[in-house]
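Taking it in order: structure first as structure tokens, then the write-up.
The values are calculated or read from the model by the stated rules, or taken from the named source; none is laboratory data. The shown structure was predicted, so the numbers you read here are calculated from the model rather than taken from an experiment. Counting neighbours? That spans all protein chains shown, and the Cβs are built from the backbone with ideal geometry, glycine included. Ligands, DNA and RNA are excluded from the accessible area calculation, which covers all protein heavy atoms including side chains. Shrake-Rupley method; radii C 1.70, N 1.55, O 1.52, S 1.80 Å.
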Amino acid sequence: MNRSLDDSHILLVDDDAVLRMMAGQALRRAGFKVDEAGSGEEALAKLASKEVDLVLLDVMMPGIDGFEVCRRLRQAEFGRDLSIVMLTGLDDSDSIEKAYQVGASDFIPKPINWNLLIHRVRYNLRANFIRSRLVASQISLDGAQRLARMGSWEWWPDAGIFSCSDEFARLFGLAPEIRQSITPTILIETVDEGDRPSLRDARHMALSAGKNYQIRFRHTGSNGNKRVFQEDGHVLLASDTMSSSSEAITQDISEAVANEERVRFLSYHDQTTGLPNRQFFLEVAAHTLEQSRRNCGECALLFVDIDHFKDVNATFGNVQGDLILKTLAERIVNCVRASDLSGFAHTPEGIEVAARAGPDEFLILLSQLRRETDASTVADRVLQAIREPFVLDDQEIRLTASIGLALYPRDSDTLSNLVDHAEYAVSTARALGRDSYAFYNEEIGAVASAKIHREGELRQAMAGNQLLLHFQPKVDMASGRIIGAEALVRWQHPEKGLLYPGDFIPLAEECGLIVHMGHHIFSLACQQMRSWREQGVMPERLPIAVNLSALSFNEEGLIEQLIRCAEAHALPLDSICLELTETSLMQQIESTTQRLENLRIAGFRLALDDFGTGYSSLSYLKRFPIDQIKIDRSFVQDIITDPQDVAIVETIITLARKLGLEVVAEGVETVEQANLLNSMGCGTAQGYYFARPMPAAQLTLLLTAQK
Ligand code: C2E
Ligand code: CA
Ligand code: CA
């Protein structure tokens with residue numbers, strides 16, 4: 001109702017024309033729009049077709065009387081919410097009673113006091129207006145509650161009153177119509193048994209101690225549908241006059257709980273295998289260790305490392321690799337006593353957990369160990385299970401694992417140490433030839449700490465500028481001129497003196513530091529080249545070679561980084577040669593070829609290092625866009641005495657010439673080797689005979705002299 005109350009439509013129903021005239025005049029003067037009806041029948045007809053806000057209805061009329069009109073109106077759609085004010089005789093208390101019984105809103109006694117009439121009409125219109133607003137807001141509240149699957153209730157225990165919303169009843173599977181008969185006790189009975197005491201306590205504590213509460217409980221519907229509800233209870237404390245009451249909002253939070261659980265599952269499980277992840281494992285394992293501490297129990301931690309798993313991914317791609325991992329996970333889980341695919345097994349002996357801890361690493365915890373051999377039995381079982389061939393696209397794949405074991409409390413009483421110790425023992429298992437297991441011992445611990453120490457030193461070396469480059473010339477054998485140089489890294493160790501790559505590159509590769517180190521070295525080489533160019537000692541087309549490890553080569557964003565670094569030093573890219581070993585190129589042929597092409601297109605020169613020691617396949621040689629092959633030192637070494645080496649070197653030279661590639665012989669130490677190679681058609685060489693790797697300053701002198 002938007003218009004003002006005084007604009008309201010009023011239907012005046014009375015068989016007395018004089019009264020109609022006088023009342024009509026008074027109402028119209030007050031601003032109301034007034035319509036008249038002289039009988040009950042006329043009134044009903046008008047009301048059915050016209051919008052009216054209030055009816056003034058005389059009780060006594062010929063034909064159908066006012067009571068009947070009122071009764072019929074209340075039954076009709078259009079009359080249900082209408083304000084009906086009855087005009088009755090003054091002391092006629094029966095009529096008044098009857099008027100209310102048939103649904104009248106109010107009554108006005110006759111003879112009518114005209115002033116009072118206007119006030120009563122206004123009062124009734126306002127009351128009706130407020131009531132309709134209330135109804136509307138109740139409807140929208142009901143709608144909102146229904147949408148939110150949220151119900152509300154109020155409870156005055158002392159007065160024995162419990163009142164709840166429609167949706168509250170619906171949540172509990174009860175018809176809203178029986179709302180009135182719902183009691184808190186009935187409701188408690190519908191809650192899952194295990195949750196009843198806590199809910200009952202919360203509600204009673206609220207009333208007795210004035211404690212607001214929030215509680216979750218489960219409810220199983222008559223159709224077996226399981227839901228989770230959350231109730232937020234609020235207390236209205238007793239004042240002197242009233243006793244305590246409470247009210248609450250109860251919401252069906254099943255969806256939210258299911259989502260929470262899913263998020264929890266995802267954040268605690270590895271998606272590929274469905275096993276618990278490292279974090280989850282550590283939480284459960286910490287708990288298990290704590291229990292073992294109390295019971296003086298023993299545990300074993302197994303660190304399972306799948307041997308050469310990277311090759312599977314490289315050969316078959318990640319999708320197939322994931323399939324194998326899934327099977328691997330299932331097999332590992334089956335090896336813990338009572339199997340359960342979630343990675344947990346609760347056995348009478350204790351709890352066993354298997355988890356995926358890294359790309360190709362799994363962790364197993366065995367608790368309540370009776371003897372050490374129980375752990376080795378499980379390790380054996382896991383090795384055996386992994387050894388079973390995997391079938392992928394009709395191909396059989398065979399895998400093995402290396403397992404390290406650490407025992408609680410023998411090897412350590414902290415979880416993180418146990419995991420570390422087990423991981424150290426993996427190296428020992430690998431050293432045993434893989435496909436085996438090893439228990440941690442102090443010796444392994446000492447080796448591992450030494451390694452960790454050296455890793456720290458290596459990081460320090462980069463940060464503290466202890467890495468430097470030596471340069472070994474590449475020489476044109478006919479003229480003896482320097483036509484290039486290879487940068488070779490050295491470590492000026494603060495205590496041990498100058499260290500060679502063999503002393504630290506393997507460690508850097510193992511701990512992944514090599515990628516960072518590669519950038520560091522490349523940047524050092526660029527700095528040196530810039531300095532030579534600025535000094536004018538560097539001939540225009542004299543390339544400097546930098547070695548690139550396999551890990552660096554496969555690094556995401558490598559090309560961009562190299563280009564950025566070279567450009568920062570204003571170096572043309574064709575003045576830089578990247579040396580790559582065959583083995584680092586043989587992993588994923590397709591993507592390798594692409595990467596090589598990208599490097600080539602960018603402008604870098606490419607050399608295939610240590611040629612002859614790896615696959616040395618002609619077909620790859622044809623495919624890879626390279627500029628140079630370097631004959632490995634091992635063939636040059638015995639070339640004077642070993643005819644087989646002569647044959648190999650000859651083949652390589654012929655091959656290279658056919659493919660239009662430069663050939664460089666590595667490790668030339670004697671004049672005889674140099675002469676022979678030269679006569680065979682290898683024009684360029686590198687080796688102690690011509691020059692050893694030297695500090696930059698020394699090469700500066702040679703280059704200056706050559707100029
Ligand atoms: P490489 O790339 O084959 O380098 C040649 C190695 O042979 C160098 O050893 C060099 O000193 C040595 N050499 C050169 N001429 C002769 C010779 O006539 N006789 C003998 N016996 N040896 C000779 P170095 O400097 O110890 O480097 C060893 C390996 O370490 C390198 O083999 C390379 O694979 C790696 N390396 C060196 N510097 C780097 C680097 O900056 N980054 C990476 N990723 N690897 C590097
Ligand atoms: Ca090299
Ligand atoms: Ca080499």
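Observations on the structure shown:
- From its DSSP helices (H runs of at least four residues, each -39,500 (n - 2.57)), the chain gives a residue-normalised ellipticity at 222 nm of -15000 deg cm²/dmol.
- Exposure ranking of Trp155, Trp114 by accessible area [1.4 Å probe, largest first]: Trp114, Trp155
- Length-normalised contact order for segment 5-136 - Cα pairs under 8 Å, 6+ apart - percent: 22
- The stretch between Asp232 and Ala286, if pulled fully straight at 0.36 nm per residue, gains 16.0 nm over its current Cα-Cα span.
- On the beta carbon distance between Lys310 and Ser619, with R0 = 30 Å, the FRET formula returns roughly 0.80.
- Principal axis dimensions, the chain - Cα atoms, whole angstrom, descending: 144, 67, 54
- Ordering Lys630, Lys110, Lys707, Lys33 by accessible surface, largest first, gives Lys707, Lys33, Lys110, Lys630; the 1.4 Å probe counts only protein heavy atoms, with every chain in place.
- A probe of 1.4 angstrom, applied to the heavy atoms of all protein chains, finds Val447 with accessible area near 100 square angstrom.
- Cα gyration tensor, segment 180-247 - rounded (a/c under 1.5), prolate or oblate: prolate
- For segment 147-261, the dipole from Cβ point charges (+1 on Lys and Arg, -1 on Asp and Glu) about the Cα centre works out to 160 debye, to the nearest 20.
- Cα long-axis angle, helix 696-706 against the chain (0 to 90 degrees, to the nearest 10): 50
- Summary value for the chain: 6 percent relative contact order, contacts being C-alpha pairs under 8 angstrom separated by 6+ residues.
- Note that segment 5-136 carries a Kirkwood radius of 14.5 Å, evaluated over its alpha carbons pair by pair.
- Computed over the alpha-carbon pairs of segment 33-91, the distance histogram in 10 Å steps reads 23, 61, 14, 1 percent, short to long.
- Inter-part distance where segment 154-206 and segment 281-339 are each reduced to a Cα centre, Å: 48
- Thr641 versus Lys326: modelled label distance in nm, points set 7 Å from Cα along the beta carbon direction: 5.8
- About its Cα centre, the dipole of the chain is roughly 1240 debye, where the only charges are +1 on Lys and Arg Cβ and -1 on Asp and Glu Cβ.
- Relative to the longest principal axis of the Cα atoms of the chain, the long axis of helix 196-209 lies at roughly 60 degrees.
- Ser181-Arg218 FRET efficiency (beta carbon distance; Förster radius 22 Å; 0.05 resolution): 0.40
- A full extension of the chain between Leu432 and Ile563 corresponds to an added length of 42.9 nm, given 0.36 nm per residue minus the alpha carbon distance.
- Residue list for segment 29-73, given a label point 7 angstrom along the Cα-to-Cβ vector of Ile139 and an amide N cut-off under 20 Å: 48-54, 73
- Amide H contacts of Leu606 (H built 1.01 Å from N, under 5 Å, at least 5 apart or other chain): Leu578, Asp627, Gln628
- Based on the reciprocal of the average 1/r between different C-alpha atoms, the Kirkwood radius for segment 106-163 equals 14.9 Å.
- Considering only beta bridges that DSSP places wholly inside the chain, some 60 percent are antiparallel.
- The chain: angle of helix 513-535 to the longest principal axis, Cα-based, in degrees nearest 10: 60
- Summing Lys and Arg as +1 and Asp and Glu as -1 over all other residues whose Cβ lies under 15 Å from the Cβ of Met694 gives a net charge of +2.
- Anisotropy class assigned to segment 454-706 is rounded, per the alpha carbon gyration tensor with a/c under the 1.5 cut-off.
- Size descriptors for segment 147-261: radius of gyration and Dmax over Cα atoms are 14.0, 47 Å.
- Taking amide H as placed 1.01 Å from N in the peptide plane, the amide H of Lys110 sits under 5 Å from that of Thr88, Gly89, Leu90, each at least 5 places away or on another chain.
- Listed values for segment 19-25 are Karplus-derived 3J(HN,Hα) couplings in whole Hz (6.51 cos²θ - 1.76 cosθ + 1.60, θ = phi - 60°), namely 4, 4, 5, 5, 5, x, 4, and x replaces Gly and Pro.
- Paramagnetic reach from Asp94 (point 7 Å along Cα→Cβ, amide N under 14 Å) across segment 33-68: 60
- Modelled FRET efficiency - R0 56 Å, Asp503 with Val319, Cβ distances, 0.05 increments: 0.90
- Extents of segment 593-639, taken as max minus min of Cα coordinates on every principal axis and listed largest first, are 38, 20, 11 Å.
- Evaluated with a Cβ-only charge set (Lys, Arg +1; Asp, Glu -1), segment 465-549 carries a dipole of roughly 300 debye about its Cα centre, given to the nearest 20.
- More than 27 Å apart - percent of Cα-Cα pairs taken over segment 273-440: 19
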